[in-house]
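First comes the structure, then the notes that go with it.
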Amino acid sequence: MQARKALFGILKLLPFAIITALGVLIWYDDYFAFVVAFALFWLTYPALILTFVFFFTSIRCRDKWELATVIWGAVNVLLVAAFFMTRPSVERCNPDIMAANYEEHHTEMEGLREYLHEALKDSCEIELVLEGEQLERFYVGNYYGSDNYNRGEAQSRLDSMMAVAGLSQEEYANVKQRLKSMHCKGVTYDQYTPDRINIRFRCDKWGCYQYNIQVDPITDKAKENLMKNNLFIPYNEYCTFVYDGSAGAFDSGGFSESEKRRFLRKHKPW
């Protein structure tokens, strides 16, 4: 009898172990945790339901197994809750917010393009992404090859990357300050196409909202393509709003059709 009870108690704890594993994975990589939970839904969803059932049926703690069940359930709740309480808040964004920010800072955005054109070495491409004061991503490409680093590694390689790009410490700090003053997170610029710049505005878990800005007016053919593709919303002859879904966990497909249609009804790009 005791052996059977112990076996049943151990089996009751298995769903809690699965949820704990997912909780730990969320802290390590929340994107991957979501993918695993979705791919193994036949395992993770029943485990989630069973943890709730077993937790509430064991709440009276009539034996050591019920006590272990309640404690483990509480630990799982705290593990997941702590993650969501400590993660950075996602900034809301839509075409209207992008338009308001562009109107306020479009001169500075064009100024950043001119500044990078003068600061970077010839035949050099750069992508720089910030998360607060931290360097999230640094990519540099030129005639001889490319280097690409993310998060902590990008910060540790900063000096060597700046040397390849031709940026001094002062110029790098200047670019960071310009992005901050425009409420933006990153920039992509290529000396092979010096008449355009891409500026990253805000990001969510699915992708990033960006400005594509160019010196020459958008051609008629390009206008036609922009209107058909939900990745883009043309704002005027020189600026296009972009939602890059591939920058997030999954390719989102861009702005929603209704969102794009609503914005263009009240704002005619040309």
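Bear in mind these aren't lab numbers, they're just calculated from the coordinates by the rules spelled out. Keep in mind that what you see is a predicted model, and the values were worked out from it rather than measured. Heads up, the Cβs are rebuilt from the backbone with ideal geometry, glycines too, and the neighbour counts pull from every protein chain shown.
Rounded to the nearest 20, the Cβ-based charge dipole of the chain about its Cα centre (Lys and Arg +1, Asp and Glu -1) stands at 1780 debye.
Partner lysines whose Cα lies under 30 Å from the Cα of Lys223, excluding those fewer than 8 positions away in the same chain, are identified as Lys185, Lys205, Lys260, Lys266, Lys268.
The alpha carbon radius of gyration of the chain, expressed as a multiple of 2.2 N^0.38 Å, is 1.35. Across the options Leu112, Asn229, Asn198, the greatest Cα extent toward the positive end of the charge dipole of the chain (unit charges at beta carbon of Lys, Arg, Asp, Glu) belongs to Asn229.
Jot down the per residue volume, in cubic angstrom and as a whole number, of the convex hull over the alpha-carbon atoms of region 171-228.
Values: hull volume 6.9 nm³, N = 58.
Roughly 118 Å³ of hull volume per residue.
The share of alpha-carbon pairs in region 40-182 lying farther apart than 24 Å comes to 57%.
Just so you know, the Cα atoms of region 2-86 work out to an Rg and Dmax of 13.6, 43 Å. Distance between the 7 Å Cα→Cβ label points at Asp220 and Ser160: 5.2 nm. To test your reading of the geometry: what angle, between 0 and 90 degrees and rounded to tens, separates the Cα axis of helix 169-181 from the longest principal axis of the chain? Orientation of helix 169-181: about 80 degrees from the principal axis. When cysteine pairs in the chain are screened for C-beta atoms closer than 4.7 angstrom, the residues that find no partner are Cys61, Cys93, Cys124, Cys184, Cys239. Positive-end ranking of Ala163, Cys124, Pro46 along the dipole of the chain, with charges on Cβ about the Cα centre, is headed by Pro46.
Compactness ratio of region 181-270: Cα Rg over 2.2 N^0.38 Å, N = residue count? The partial results should precede the final answer.
Values: Rg = 13.1 Å, N = 90, 2.2 N^0.38 = 12.2 Å.
Its radius of gyration relative to the 2.2 N^0.38 Å reference: 1.08.
Convex hull volume per residue, computed on the Cα atoms of region 160-199, equals 76 Å³.
For the pair region 65-124 / region 10-24, the C-alpha centres are spaced 30 Å from each other.
Mind grabbing the base-10 log of I(q)/I(0) for region 98-177 at q = 0.19, 0.23 Å⁻¹? Debye formula, identical points on the C-alpha positions, no solvent, two decimal places. One equal scatterer on each Cα of region 98-177 leads to -0.86, -1.14. Angle of helix 64-86 to the longest C-alpha principal axis of the chain, folded into 0 to 90 degrees and rounded to 10: 10°. Post the alpha-carbon centroid distance, region 162-182 to region 253-270, in whole angstrom. Each part reduced to its Cα centre gives a spacing of 34 Å.
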